[in-house]
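Notes follow once the structure below has been shown.
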Amino acid sequence: MQALKNRKGFLVALLLFPAIAAGQTKSSQPPSITVDGSASIPVQPDTAVVSFQVLGRGKTVQQAYLQAKQQAQQIRVALTKAALNPAQARLGSYQVNPDIDWKTRQTRGYTISSTIEVRLKDLHRLAPLLDSAASGGVPVQQLRYELSQDSTARRQALQQAFRSARDSAQAVAEAAGKHLGSPLSVQVSAPPVVAGLGGFGFYAAANRQALPPPTAGFQPQTVKVTAHLVVVFGIS
């Protein structure tokens with residue numbers, strides 16, 4: 001009987017030990033506050049990317065190709081008029097799709113679509129290119145601005161994000177009657193540069209009315225370099 005009691009006591013001790021150990025581990029962790037901080041730095045871009053759309057349609061692939069080829073030649077002419085080398089244009093995509101009448105299951109024709117991109121490091125050449133494209137009837141699909149070197153702006157964004165997180169932690173600590181300590185850990189998530197976008201659908205309307213687009217003298221849209229932090233501060 002005594003041996004049975006001793007065995008039961010041993011089993012109870014084994015069952016309680018993990019809970020006691022877990023409680024000791026939890027209590028050994030210092031009190032802390034977890035906050036996040038974000039920042040966004042607007043920066044003047046140094047690169048402009050202009051995307052032109054080439055679209056050819058025809059009853060045969062050859063007819064669609066000839067129409068697309070004609071539009072591509074118009075892009076070359078627009079680049080030349082803007083004092084740019086057509087060889088610097090890059091093919092972004094190229095697709096050939098049948099136009100199918102799903103009621104009759106017959107092929108009515110074909111569509112060839114392509115995207116051509118031009119990257120400009122000299123932003124002063126942007127306005128002449130857009131004007132040349134509009135006057136030549138070339139559709140501009142998209143314009144976006146980029147930043148090739150963002151290390152300085154990203155550093156500033158990270159610093160501002162940390163200060164924002166620290167201010168939030170300080171406010172919480174004061175509200176709780178605690179003293180804010182040093183950061184215990186920092187997780188950094190720095191998203192890519194947010195490029196400035198601009199739509200240029202109005203160029204088609206301006207061209208139909210024979211009105212040149214007033215792009216000269218406009219300043220490029222700024223891009224934003226962002227950063228996000230998750231910081232754990234100790235409190236006492």
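Read the figures in this text as sums done on the coordinates, not as results from a lab. Predicted model, so just to flag it, every value in this text is computed and none were measured. A quick note on method: Cβ atoms are made from the backbone with ideal geometry, for glycine too, and the neighbour counts reach across all protein chains shown.
A few points about this structure:
- Close amide-amide hydrogen proximity is noted between G58 and A64, Y110, each under 5 Å apart and 5 or more residues distant or on a separate chain (H modeled in the peptide plane; Pro and chain starts excluded).
- Here the residues D99, D46, ranked from fewest to most Cβ neighbours within 10 Å of their Cβ, fall in the order D99, D46.
- Global form of the stretch 30-145, assessed from the alpha-carbon gyration tensor, a/c cut-off 1.5: oblate
- Note on the stretch 49-146: Lys pairs 8 or more places apart or on different chains, Cα atoms under 25 Å apart, count 4.
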